[in-house]
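I have placed the structure first, in the form of structure tokens, so that the comments after it can refer back to it.
The values are calculated or read from the model by the stated rules, or taken from the named source; none is laboratory data. Nothing here was measured: the structure is a model prediction, and the numbers come from that model. Here the Cβ positions follow ideal geometry from the backbone for every residue, glycine too, while neighbour counts run over all protein chains shown. When the accessible area is computed, the model is the full protein with side chains, heavy atoms only, and any ligands, DNA or RNA have been set aside. Shrake-Rupley method; radii C 1.70, N 1.55, O 1.52, S 1.80 Å.
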Amino acid sequence: MTANGHIFFALACAICAKHFELTKVIIQADWWHLIPAVLITCLIPDIDHPYSLIGQRLRWISLPISLIFGHRGFTHSFLALIFLSSFKIICLDNISIPDDIFQGMIIGYCSHIIADALTPAGVPLFWPYRKRFGIPVINNKKNKNIEQKICCCLIGFTILFPIFEPLLVKFIIPLAIKLF
Ligand SMILES: [Zn+2]
């Protein structure tokens, strides 16, 4: 997925997380904390690629990570997420980072892994087990604008969901239950 696609997807995920009240912290999260936090981390997993947007800017970190883990290795796995989550407990406990910023960072990082899992190459979720997992619905070779379309649909669905929710709960779900 391209850097722009990741940014769009991360924004869509942040809006989804807030609308669907993912956690108590996210419900009360300040948009001015949440959006920048998501944008900061949504490109970090590609630090393992020296020619990625972030890799080009931080080549001194990117090159060794690329050599050790390869592209779409450790940084695209649950282990990296656990590492990021425990980072606050281990290293940042004495530094005051608001919880909404921290959870926004986790959402941004997760959004990258989810987005890459939607491409044909998949992601090694259980790294160091190298098998890649994914649902390849985003194929840039077949459809150039598919990333933007999916992100726009996701944002549109999230924003419009409160309007359609009463219809869904009162009519569509009971109708579906009756039919099946
Ligand atoms: Zn990636």
Study note, to complete from the structure: If we ask which residues in the stretch 13-55 are hydrophobic (A, V, I, L, M, F, W, C) and surrounded by 23 or more Cβ atoms within 10 Å (Cβ to Cβ), their number turns out to be 8
Review point. Say we look at the stretch 104-122 and pick out the residues that are within 14 Å of the ligand (Cβ to nearest atom), among the aliphatic types (A, V, I, L, M) and part of a helix (DSSP H, G or I); which of these is most open to solvent (accessible area, probe 1.4 Å)?
Key: Ile114
Check your understanding: Looking at (1) open to solvent by less than 50 Å² (accessible area, probe 1.4 Å); (2) assigned to a helix (DSSP H, G or I), can you tell me which one Leu125 breaks?
Key -> (2)
Practice item. Take Ile101 and decide whether it is more than 28 Å from Ile155 (Cα to Cα) and open to solvent by 30 Å² or more (accessible area, probe 1.4 Å). Key: no
Point to revise | Failed item in (1) open to solvent by less than 30 Å² (accessible area, probe 1.4 Å); (2) within 11 Å of the ligand (Cβ to nearest atom); (3) part of a loop (DSSP other than H, G, I, E, B); (4) of a type outside the set (Phe, Trp, Tyr), with Met1 passing the rest | key: (1)
